[in-house]
Amino acid sequence: MIELLKKTWWKYTAVLLLVYVLIGGLLVPLAPGILSVNQINIPSGTNGQFMIKGYNTHFLDAKDMQVWFKPTVGTKFYKADSLFPISNSVARVVFNLPKSNFNGVNYEKLDLVANDSLDGTMTTIDMVQVTARKDDSAAAKSAVTPEVYRPKLKTFMFPFQKILYQTIRNTFYHVPMWFAMMFLLIFSLVYSIRYLSSGNILDDILASQAINTALVFGALGLLTGMMWANYTWGSPWPNDPKLNGAAVGMIIYLAYVVLRGSLTDEIKRAKISAVYNVFAIVIYTLFIFIIPRLTDSLHPGNGGNPAFGKMDMDNHLRLFFYPAVIGWTLFGFWIMSITIRMKLIEQKKS
């Protein structure tokens, strides 16, 4: 392992991947999308006027914008009666709202679908709620099949996600740093077990330096996560089981460092640290991966909140996300290799 850590090819690979992610991840534009609609609760059978606000859109330049409303349940589409683009990011839509009293329900939620030849198709979920009236005699509108334009602008874009917006680029930093931390912790676990089997002090050094490096990436993961949470959730640290579990996990491994520092006998320190590390990974897994899935959580992938799916993590994002995971992981092992060599030099001097 020491000989492999001395190799340079994988270190150059880490640098190239991270440069690719840093530059390319910033230059790729964000796809157009609908930010908001000014009216969200309208009585059925009336002419509703909506002001649509877009993001990175070209409503005026395209000159062929179309808008449909689609009930959340079903496959019907209702076309807007008239449309007036005011600017590239603002348009006024007039829509004769359909009768909503379907199957006796009191309201119906509508998705808004906008489309033009420059931006392509943009969809917002549950954007408008049509409330049924007791004396509703409005005729139901005829459903239509929407026309779909393929965008003429750059098609290589990152997906537009409300709330996230440009912060979706943090996917290349926050998530891969936690991946790097996990790989380093698994590496340390393997060498702790190897030490308990072989008694080779080199295995103990590899395990301990892997944890030290993992803590650095864990801290970076927490900082980038706090910045992301502050923007999307309004607080850098909401009372969330995933975030609290991450903090507990960091404390567990900080205790490992404190434990090693409190023991002076090299053999005793190595044995106790190795045993501690085996139990630490079990507790860490419990707090990070299991408990958050059993309770409500804001964090994607936990407590019924889905992780990034097809619409979030599209193929364009994956072209940068996977290299970021590999790059940050290799960079973490590079840092670890430096600390190991420093530790071996210290031992030789002593």
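The table for this structure:
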quantity: Test result for Tyr276, among the hydroxyl-bearing types (Ser, Thr, Tyr) and modelled with pLDDT of 95 or more; calculated: yes
quantity: Cross-chain or 6+ apart pairs with Cβ under 8 Å, the range 63-86 first and closer than 14 Å to Asp126 by Cα and of a type in the set (S, T, N, Q), then at pLDDT below 85 and in a strand (DSSP E or B); calculated: Thr72/Glu108; Thr72/Lys109; Thr72/Leu110; Thr72/Asp111; Thr72/Ile125; Thr72/Asp126
quantity: Sole exception among (1) surrounded by fewer than 20 Cβ atoms within 10 Å (Cβ to Cβ); (2) at pLDDT below 95 for Gly225, by number; calculated: (1)
quantity: Selection count where residues are in a helix (DSSP H, G or I) and touching an Asp or Glu at 6+ places or on another chain (Cβ under 9 Å), scope the range 224-251; calculated: 2
quantity: Restricting the range 52-94 to residues that are of a type in the set (S, T, N, Q) and outside any loop (DSSP other than H, G, I, E, B), the residue that is farthest from the chain's Cα centre (by Cα); calculated: Ser82
quantity: Residue within the range 323-338 that is closer than 15 Å to Asp204 by Cα and modelled with pLDDT of 90 or more present; calculated: yes
quantity: Conditions (1) modelled with pLDDT of 95 or more; (2) surrounded by fewer than 20 Cβ atoms within 10 Å (Cβ to Cβ); (3) polar (S, T, N, Q); number of the one not met by Thr232; calculated: (1)
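The values are calculated or read from the model by the stated rules, or taken from the named source; none is laboratory data. Everything numeric in this text was worked out from a predicted model, so none of it was measured. Here the Cβ is made from the backbone with ideal geometry for all residues, glycine too, and neighbour counts use every protein chain on show.
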